[in-house]
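The values are calculated or read from the model by the stated rules, or taken from the named source; none is laboratory data. For clarity, every value in this text was computed on a predicted model and none was experimentally measured. All Cβ positions, even for glycine, are placed from backbone atoms using ideal geometry, and neighbour counts span all protein chains on display. Only protein heavy atoms, including side chains, enter the accessible area calculation; ligands, DNA and RNA are left aside. Shrake-Rupley method; radii C 1.70, N 1.55, O 1.52, S 1.80 Å.
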Amino acid sequence: MATTEQSGKSGQAARRPARAVPTASSERFELTWPYFMYTIVICFLLTTIVLWLWSMVVPAPLEPIADPNKTPNPSKAPWYFVGLQELLVYFDPWIAGVVLPGLILGGLMAIPYIDKNTHGIGEYNYKDRKFAVWVFSLGTVFWFLLIIIGYFFRGPSWQWYWPWESWEIHKESHVVTHNWSLLGGSLFLIGYTAIGLVLPVAIPYLIGSRVKPGSWIKKCCEVLQEFYEKRGATIYAIEMLLLLAMLGIPVKMVLRLFFNVKYILEIPAINLNI
Amino acid sequence: MANLSLKNVPQVIVESQVWKSIFRHGYTMNRRNRLLAITNNVFYHILPTKISRYGMRMRFHWGAGIITFYLFLILTFTGVLLMFYYVPTVPRAYYDMKDLQHVVPFGNILRNMHRYGAHAMVFMVMVHMARTFYTSSYKPPREFNWVVGVILLNFTFLLSFSGYLLPWDQLAIWAVTVGANMARATPLIGHEGPFANLIGMKVNNDVRFALLGGTTVGSATLLRFYVLHCIAFPIILTIFIVVHFWRVRRDGYSGDVPVRE
């Protein structure tokens, strides 16, 4: 009995290495009442004032009554979904509206379980977690960039309109898009995934031993090797697949915008277009 | 009670049996009473009695979670008031909005606060999430609370999106049409999605049909979204908020974790 209690306690202690227990004498701690209450009350008051003023000054939009026979051009989703709507230019709805949001939510939930780095809890620490901060910041900036493009720069027929351009002038897309062949598309997708998964592991093993120590190539190899070894095969694979899915979005955008590729892979029999 | 003067009234009140039955601890501001002010109050006792000076600073926590929760309270309050005036039927919904704008006393500001508050809440959830990420607050032992947070983000989206239809204007119906059209492309269970033809999905039996209560956004959709918006989603969100707050206390506030000293 005593031993189980002991091991349970030590297990918990190992899990929370730096958990602080407030003590009455501790200098680091301050009473919640009234000091934290000030913060709460100030947050509440400022929110109330800002929201009240905003509501007083700017009337909320109310357009003419809903008419199922009159489709406005463009019809835009609420701002927080406009980024996903913008993705409809590059992807079919099942990817832009279902798979990618699912991956975003699933990927966000997975973060604590794939990020094994224990540094930086309770502090703004960039030095010890550069990779995590970069990936998260890139994703966040990209998410808001898509929202800004969709909200401010898209006009009738979802064409690009600068804010100073009139929506009265009708633009049409004359771009002729094409699809890749089944073989080419499959090879590209498999190649993209395989290279993305394997290359960061393969590089240090293949050329790591051949370059002289101290060179920048050697340093890159060491970083990549450490990246893989810290994670182990399973977590590495999950993390890279999520990362490749995120990076796949700008890849497809470039293919669509600069190479007029509509679908990389097209299987009409089961509606599967990527 | 002999020398009852105006000066003594506050003291007489504070020392009366009625006052003491409501506020168990004395009002004097000594350390013990300040601790009791938190632990003896049902609303405050979700807070710890002490918080580290470091974690208490606005530049650590940005007030994002506090503001998000407060916006939820404002939205609940204004939303209940709006329910007195709004009827979710196609002939009435839009004209109830007009009445709120022009007839109901303070109706316009009530509606504006509800709408802008909803936008602000969606934004503040994202801000809170960013803060939590940058301070590594999702790391063990707080992994599960981050997951609960993502669920809360999801339900904030759903609440905001379901409320978007209710004004029943052009903006509402077409924004929801755009959103719901994504649902018909869901793999397997949306009739235009991949593999859907293999299990016989059609326009009138897929997931979009279930969501809208028809093949287009209509009166059934309005009622569905109203019930989801006013009853189902707020209850689910409240349950997860309770879990979220509880876990902050159980797992410890990340701002209290000692940073290299």
(request) Looking at (1) in contact with a His (Cβ under 6 Å, 6 or more places away or on another chain); (2) away from chain A (no Cβ under 11 Å), find the lone condition where B:MET201 falls short. (result) (2)
(message) I'd like the full set of residues that are closer than 25 Å to B:ILE231 by Cα and facing another protein chain (nearest Cβ under 7 Å), limited to the stretch B:39-73.
(response) B:ILE66, B:ILE67, B:TYR70, B:LEU71
(message) Contact list please: Cβ distance under 8 Å, first residue in the stretch A:82-108 and facing another protein chain (nearest Cβ under 8 Å), second residue open to solvent by 30 Å² or more (accessible area, probe 1.4 Å) and among the basic types (Lys, Arg), pairs at least six apart or on different chains.
(response) A:GLN85/A:LYS76; A:PRO93/B:ARG184
(request) Return the only residue of B:THR28, B:THR89, B:THR76 being over 27 Å from B:VAL217 (Cα atoms), more than 9 Å from chain A (Cβ to nearest Cβ) and either open to solvent by 50 Å² or more (accessible area, probe 1.4 Å) or not aliphatic (A, V, I, L, M) (or both). (result) B:THR28
(request) Could you please give the count of residues in the stretch B:208-227 that are open to solvent by less than 50 Å² (accessible area, probe 1.4 Å) and either part of a helix (DSSP H, G or I) or touching a Cys at 6+ places or on another chain (Cβ under 8 Å) (or both)? (result) 7
(message) Within the stretch B:1-80, considering only helices (runs of 4 or more DSSP H) that don't extend past its boundaries, which have at least 1 residues that are of a type in the set (D, E, K, R)?
(response) B:17-22, B:31-39, B:53-56, B:58-61
(message) Anything in the stretch B:131-154 that is open to solvent by 10 Å² or more (accessible area, probe 1.4 Å) and in contact with a Leu (Cβ under 9 Å, 6 or more places away or on another chain)? List them, or say none.
(response) B:TRP146, B:VAL147, B:GLY149, B:ILE151, B:LEU152, B:LEU153, B:ASN154
(message) It is to be established whether one or more residues within the stretch B:50-57 are under 22 Å from A:LEU51 (Cα atoms) and open to solvent by less than 60 Å² (accessible area, probe 1.4 Å).
(response) no
(message) Here is a check on your reading of the model: is B:PHE157 open to solvent by 20 Å² or more (accessible area, probe 1.4 Å), facing another protein chain (nearest Cβ under 7 Å), in contact (Cβ under 8 Å) with a residue 24 or more places away in the chain and under 17 Å from the mean Cα position of the chain (by Cα)?
(response) yes
